[in-house]
Amino acid sequence: MNQQEIEHRDRVLRSYFEGCDWDQNGEYELKRTLVLNSDRLLPDYPYVVENEWEVEPGRGHKGRGDLVFTDGAGRFAVVEVKCLNRTGCGGNKKAQQEKVRVRRHQVIKQALHYANIYAASKLEAGVIDDPNAVAAYVFTNEQDYPYFLFRESESLQITNVPIQSPSGYREPVAALHC
């Protein structure tokens, strides 16, 4: 993907998200918020280049990643966006909290898995030469900005490497509990 294609994809996707404000789906609203505010929420990756990308091209039933951003210089951020339903899960409060914890665990695992697949496809295509050029992030309604996940393996360990928050202070990613 050359710079011209990156910029074209970014313009098209941002225009789509700017113009599509009628979808009241929680996950879509989070995606829209992230794309339209990515300059402060994900400042190291100024271009959005994928939306609802097929994890296995031509096999949508195998899964779809939410968003991919790039810095335009060979680094990518695979972002899984999920609205974690804190109400209406049924059962008592403890059961609801457990369901949200399990769902959070699943989205983290999914983000790591999709980032590994994306890295492998970019390595195979010769776009990158280091799999660590692809980072995994999770963005949910529980947080104000995306959390970086250490992608070296698909273990569910969350790095405690701090990332820059939009408010300007650094918060450890370990605050996102599984």
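Here are some notes:
- Matching entry among 98, 56 (being open to solvent by 60 Å² or more (accessible area, probe 1.4 Å) and assigned to a helix (DSSP H, G or I)): 98
- Residue 73 falls short on exactly one of the conditions (1) among the hydrophobic types (A, V, I, L, M, F, W, C); (2) within 19 Å of residue 115 (Cα to Cα); (3) open to solvent by less than 30 Å² (accessible area, probe 1.4 Å); (4) outside any helix (DSSP H, G or I), and that condition is (3).
- Scanning the stretch 6-33 for residues that are surrounded by fewer than 15 Cβ atoms within 10 Å (Cβ to Cβ), free of Cβ contacts under 8 Å to residues at least 24 places away in the same chain and in a helix (DSSP H, G or I) turns up 8, 11, 12, 15, 18, 19.
- Residues of the stretch 35-53 satisfying the condition of being buried (at least 20 other Cβ atoms within 10 Å of the Cβ) and polar (S, T, N, Q): 38
- Just one of the listed residues (27, 52) is of a type in the set (Asp, Glu) and at positive phi, namely 52.
- Taking the listed residues 128, 108, the one that is open to solvent by less than 20 Å² (accessible area, probe 1.4 Å), of a type outside the set (Ser, Thr, Tyr) and either part of a helix (DSSP H, G or I) or free of Cβ contacts under 8 Å to residues at least 12 places away in the same chain (or both) is 108, with no other qualifying.
- Of residues in the stretch 133-143 being open to solvent by 10 Å² or more (accessible area, probe 1.4 Å) and modelled with pLDDT under 90, the one farthest from residue 1 (Cα to Cα): 142
The values are calculated or read from the model by the stated rules, or taken from the named source; none is laboratory data. Just so it is clear, the structure is predicted and the values come from calculations on it, not from any experiment. Note that we place each Cβ from the backbone using ideal geometry, even for glycine, and neighbour counts take in every protein chain shown. What goes into the accessible areas is simple: the full protein's heavy atoms, side chains included, and nothing from ligands, DNA or RNA. Shrake-Rupley method; radii C 1.70, N 1.55, O 1.52, S 1.80 Å.
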